[in-house]
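The values are calculated or read from the model by the stated rules, or taken from the named source; none is laboratory data. Bear in mind the structure is a predicted one, so any value in this text is a computation, not a measurement. Here the Cβ is made from the backbone with ideal geometry for all residues, glycine too, and neighbour counts use every protein chain on show.
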Amino acid sequence: MITDKEKILLKLSNSTNIYGRCEWRHLCYVDKDLCDSYLSTTNKTMVDMGKTIIGWCKRDFQKNIKLNTRKSIEELREIIKNYYKTKYPELYHDSNTDRQGWVRVWITENMKKELEKYGK
């Protein structure tokens, strides 16, 4: 079954585009229904995702990151990738597309955990 996907975007406060506006960077795709449910249930918007992901990273990996630059997003991706490389060595395959898949798995797991708190 093919599901619609939603882009998880992070607002980079320390980076601007050619128009002088804050830059948005794509982190990964997640299931659209899950994302919509998560955002509406938690009363969050995509703007809140950076703060939320920083909290998840601190809780899950004991890492303090800022997610305000392209480099910090790459650091997050590496943290997630290395976690799953250790957790599932038999499934892990080192490639850029595989890395994005693991980011999607981690984001999805955390959204589901938060929705469980709301009884969903």
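Here Glu74 meets the list (1) within 12 Å of the chain's Cα centre (by Cα); (2) modelled with pLDDT of 95 or more; (3) loosely packed, with under 13 Cβ neighbours inside 10 Å almost entirely, failing just condition (2). The number of residues in region 35-48 being under 13 Å from the mean Cα position of the chain (by Cα) and closer than 13 Å to Leu10 by Cα comes to 3. Candidates Lys51, Lys32: the one that is under 11 Å from the mean Cα position of the chain (by Cα), surrounded by fewer than 17 Cβ atoms within 10 Å (Cβ to Cβ) and not aliphatic (A, V, I, L, M) is Lys51. Do we find a residue being modelled with pLDDT of 95 or more and of a type in the set (Val, Ile, Thr) anywhere in region 34-43? Looking for residues that are modelled with pLDDT of 95 or more and of a type in the set (Val, Ile, Thr), one finds at least one in region 34-43, hence yes.
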